[in-house]
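This report concerns only the one structure given below.
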Amino acid sequence: MRTLVHLSDTHFGRVDYLTVSPLIEAVKKVNPDLVAVSGDLTQRARVEQFKEAREFLDVLPSPQIVVPGNHDVPLDNLFARFLRPLHTYRRYITNNLQPFYLDQEIAVLGINTTRSLTVKGGRINREQVALIRELLCPLGDDVTRVVVTHHPLDLSEGYSGKGEVGNARLAMEMLAGCGIDLFLAGHLHMGHFGRAARYRIVGHSAIVLQAGTAISSRGRGESNSFNVLRIERPYITVERLSWERDLGLFVVSARKLFRLSAEGWALVHEKGE
């Protein structure tokens, strides 16, 4: 079995500091094999915000897969935005914009969907999709394949809003036969997970996870939250842990169990949501 923690949208510069220590303790208690952080580490891509984000990452368990979000690209410095959009991110977080983790049970690939020309949105291009195919398609059926982006590539059943990355349909059509099991994303500040449902593509069966904002005050009406995944093929259990201010703790607020069959991933049990 492998245990993953998925958190997103910390937005250092707009943090609710009451949540930080409890979140760190909650993540450590899970004792994950991997931590995936799906972007927007900062609010305005400033040096002091990246320094705070770096300190935060340093006390979380390792290994980690971290990708940037649109807020990690400078907004008010046009020179930096168009000529060095991720310079400060690379300096303080990671120089690797396509981080990859592989062991005997899981393969996790991060993809950068930020673009200088878009303020909120993002894009994925053919070269990035080709990289996903190159690294994940050849793996055996006993390996669970995971893609981490900031902007979602697909959205789950029951979610009617928008927010997919540019070129999402093209990407999902190119990846349909690749056997990807999980797509992890942030950006929407909404904790939501279920089977991929936006595109009805033959051969495409995956679970989509949206992480809410982990510690930011920009909750958009939702409590701060993060996801815990327990992968023991052919089963994946996903839990959302949400901030309970009165308790000063992150507690399980939703749980779903998925099973892989010949027809693809199917929900077999749920609690909450």
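Taken together, the values in this text are just the output of simple stated rules run on the coordinates, not laboratory data. For clarity, every value in this text was computed on a predicted model and none was experimentally measured. Virtual Cβ from ideal backbone geometry, glycine too; neighbours counted across all protein chains shown.
Using packing as a proxy for protection, rank 129-141, 207-219 so that the peptide with the highest average count of other Cβ atoms within 10 Å comes first. Spell out each step's value before the answer.
Working: 129-141: 14.2, 207-219: 24.0.
Per-residue Cβ counts within 10 Å, averaged per peptide and sorted highest first, yield 207-219, 129-141.
Write down the Kirkwood hydrodynamic radius of the chain, to one decimal in angstroms, obtained as one divided by the mean of 1/r over all alpha carbon pairs.
Working: mean 1/r = 0.0544 Å⁻¹.
Result for the chain, one decimal place: 18.4 Å.
Counting only helical runs of four or more DSSP H residues, what would the 222 nm mean residue ellipticity of the chain come to if each run contributes -39,500 (n - 2.57) and the total is spread over all its residues?
Values: 6 runs with 55 residues, N = 273.
Helix contribution divided over all residues of the chain: -5500 deg cm²/dmol.
Which FRET efficiency, nearest 0.05, do Val268 and Arg245 yield, Cβ-Cβ r, R0 45 Å?
Details: r = 32 Å, r/R0 = 0.72.
The pair Val268/Arg245 has a calculated efficiency of 0.90.
Can you give the charge dipole size of region 172-273 about its Cα centre, rounded to the nearest 20 debye, using +1 on the beta carbon of Lys and Arg and -1 on the beta carbon of Asp and Glu? Mind showing how you got there, number by number?
Working: 13 positive and 10 negative charges, 16 e Å.
Roughly 80 debye, rounded to the nearest 20.
Take the alpha carbon atoms of region 91-113, find their center, do the same for region 242-258, and report the distance between the two centers in whole angstrom.
27 Å
Ranked by Cβ crowding within 10 angstrom, fewest neighbours first, how are Lys271, Lys256 ordered?
Result, fewest neighbours first: Lys271, Lys256.
Taking the Cα centre of region 2-272 as the origin, how large is its charge dipole in debye, to the nearest 20, when only Lys and Arg (+1) and Asp and Glu (-1) carry charge on their Cβ atoms? Each step should come with its number before you reach the end.
Numbers: 33 positive and 29 negative charges, 138 e Å.
About 660 debye.
Using the number of other C-beta atoms within 10 angstrom as an exposure proxy, rank Met1, Met190, Met172 with the fewest first.
On the way: Met1 10, Met190 18, Met172 22.
Neighbour counts put them in this order, fewest first: Met1, Met190, Met172.
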